[in-house]
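For reference, the structure discussed in these notes is given below.
The values are calculated or read from the model by the stated rules, or taken from the named source; none is laboratory data. None of these values were measured; they are calculated from a predicted model. Neighbour counts run over all protein chains shown; Cβ positions are idealised from the backbone, glycine included. Surface accessibility is based on the protein's heavy atoms, side chains included, excluding ligands, DNA and RNA. Shrake-Rupley method; radii C 1.70, N 1.55, O 1.52, S 1.80 Å.
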Amino acid sequence: MSDQQPTDPPAPRHLVVMGVSAAGKTTVARAINKTLGWEFAEGDDFHPQANVDKMASGVPLTDEDRWPWLRALAEWTADHAAAGRSTIISCSALRRAYRDVLREGGEGTYFVHLTGKKDLLQQRMAGRDDHFMPLELLDSQLATLEPLGADEPGATFDVAPTPKRIAAAVLRELNLP
């Protein structure tokens, strides 16, 4: 008979793969999730149609447009956290205030900030035909972007390597399998 006491399961963790359009958020998030098998949400799927239409027509979103979207993502995370499940979200999370809302979804929220040179991002955006975000909104996103603060849980990763290599670097950084 063993004297070992049962241990509590580890607390859920929550990754937000963030960055401007064409940084590869969804592709990298899916590559990470291929290893982890956590609950996954594509942030763009949480936008109301009015937001999608606005962006598709080349009009940047305002904070008022973003708050309900960010709250919906935080609620999704909170629901999974309450059930003891870890999550991964792909979401621009451009400003600290937006990340503050996302952190409300669960303790252990960590930001994976994907960043790259503007010309690479432009090239990627120009090569996509299956996304609503037009190339002309990249400058707006870059102007809005606030890099992670030193007190924010997260790390920055360059988007030049392949998504598989970026995912491996994220997993190493987080000491995950």
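In region 99-130, what residues are surrounded by fewer than 14 Cβ atoms within 10 Å (Cβ to Cβ) and at pLDDT below 75?
Residues satisfying the conditions are Ala126, Gly127, Arg128, Asp129, Asp130.
Please count how many residues of region 60-82 are surrounded by fewer than 18 Cβ atoms within 10 Å (Cβ to Cβ) and in contact (Cβ under 8 Å) with a residue 40 or more places away in the chain.
Residues that pass the stated criteria total 1.
Can Lys54 be described as surrounded by fewer than 13 Cβ atoms within 10 Å (Cβ to Cβ) and either over 16 Å from Tyr110 (Cα atoms) or without any contact (Cβ under 8 Å) to a residue 60 or more places away in the chain (or both)?
no
Please tell me if Glu136 is surrounded by fewer than 18 Cβ atoms within 10 Å (Cβ to Cβ) and at pLDDT 90 or above.
Taking the combined requirement at face value, the residue does not satisfy it.
Within the set of pairs 6 or more residues apart or between chains, which connect a residue that is on the phi < 0 side of the Ramachandran plot inside region 101-122 to a residue that is part of a strand (DSSP E or B) and open to solvent by 40 Å² or more (accessible area, probe 1.4 Å) with Cβ atoms less than 7 Å apart?
His113/Thr156; Thr115/Thr156; Thr115/Asp158; Gly116/Asp158
Restricting to region 147-165, count the residues that are in contact with a Phe, Trp or Tyr (Cβ under 7 Å, 6 or more places away or on another chain) and among the charged types (D, E, K, R).
1
Test Ala150 against the criterion of being open to solvent by 20 Å² or more (accessible area, probe 1.4 Å), farther than 24 Å from Glu75 by Cα, at pLDDT 95 or above and outside any helix (DSSP H, G or I), and give yes or no.
Here the answer is yes, as Ala150 does meet what is asked.
Can you tell me which condition Ala93 does not meet? The list is (1) out of contact with any helix residue (DSSP H, G or I) (no Cβ under 6 Å at 6 or more places or on another chain); (2) on the phi > 0 side of the Ramachandran plot; (3) aliphatic (A, V, I, L, M), and all the others hold.
Here Ala93 meets the rest and fails (1).
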